[in-house]
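**Q** Input: one structure, supplied below.
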């Protein structure tokens, strides 16, 4: 009986050792923050940012996690250089004074072993608001080319531009904007964790 109890205790300790949080570093070449809005009722326009950094921390055994994302607002890409300059101006992103957008999560919700949402604080133009991103896709597995563990996800939320001092031309250009984050992240080496 004593031997069975010792074996059970060792099993629990071994499981706890493997349940430590893992940190994944965002792969900028496969991460795309997008924003979609309605343009004068004609169509929905979608644009992206080209530079994103940050980390994702997961403890799948404990079903907890955190996301820390920084987006370079100067990397906004509408496909049209003149419009890029227009929305980097003071009425919109004001990139001269606010060169980044940040999202720092405080809670990740799981259903079974899959995360379904991540809640935290979104900061745009120095204004911070609570938001929840709904996760529509999530997968962790060994990366077939990089040969390290990797995770990917798609998540989105809706915000109002006016909540972040960016409401010019509303309602002709919709105040409501859908933010989508298509993200891939690779496991950081042990020394970096």
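**Q** Can you compute the modelled spin-label distance between residue 77 and residue 163, with each label point 7 Å from Cα toward Cβ, in nm?
**A** Output for this residue pair reads 2.8 nm.
**Q** To continue, here is another question. For every helix of n ≥ 4 consecutive DSSP H residues, a contribution of -39,500 (n - 2.57) applies; sum these over the chain, divide by its total residues, and give [θ] at 222 nm rounded to the nearest 500 deg cm²/dmol.
**A** -4000 deg cm²/dmol
**Q** Report which label in (1) 15.5, 47; (2) 20.1, 77; (3) 27.1, 95 holds the value of Rg and Dmax of the Cα atoms in Å derived from the coordinates of this structure.
**A** Of the listed options (1) 15.5, 47; (2) 20.1, 77; (3) 27.1, 95, (2) comes from this structure.
**Q** Let me ask you something else. Given a cut-off of under 8 Å on Cα pairs at least six residues apart, what relative contact order in percent is computed for the chain?
**A** Worked out over the chain, it gives 22 percent.
**Q** Which residue, 93, 138, 24, has the most motion in a Gaussian network model of the chain that connects Cα atoms within less than 10 Å?
**A** 138
**Q** Could you tell me how many degrees, from 0 to 90 and to the nearest 10, lie between the Cα long axis of helix 2-18 and the main elongation axis, the longest principal axis, of the Cα atoms of the chain?
**A** The helix 2-18 is inclined about 20 degrees to the chain.
**Q** Going 7 Å from the Cα of residue 154 toward and past its Cβ, which residues in segment 63-88 have a backbone nitrogen under 11 Å from where you end up?
**A** none
Values in this text are rule-based calculations from the coordinates and carry no lab data. Here the structure is a predicted model, which means the values were calculated and not measured. In this analysis, Cβ positions are derived from the backbone assuming ideal geometry, glycine residues included, and neighbour counts consider all displayed protein chains.
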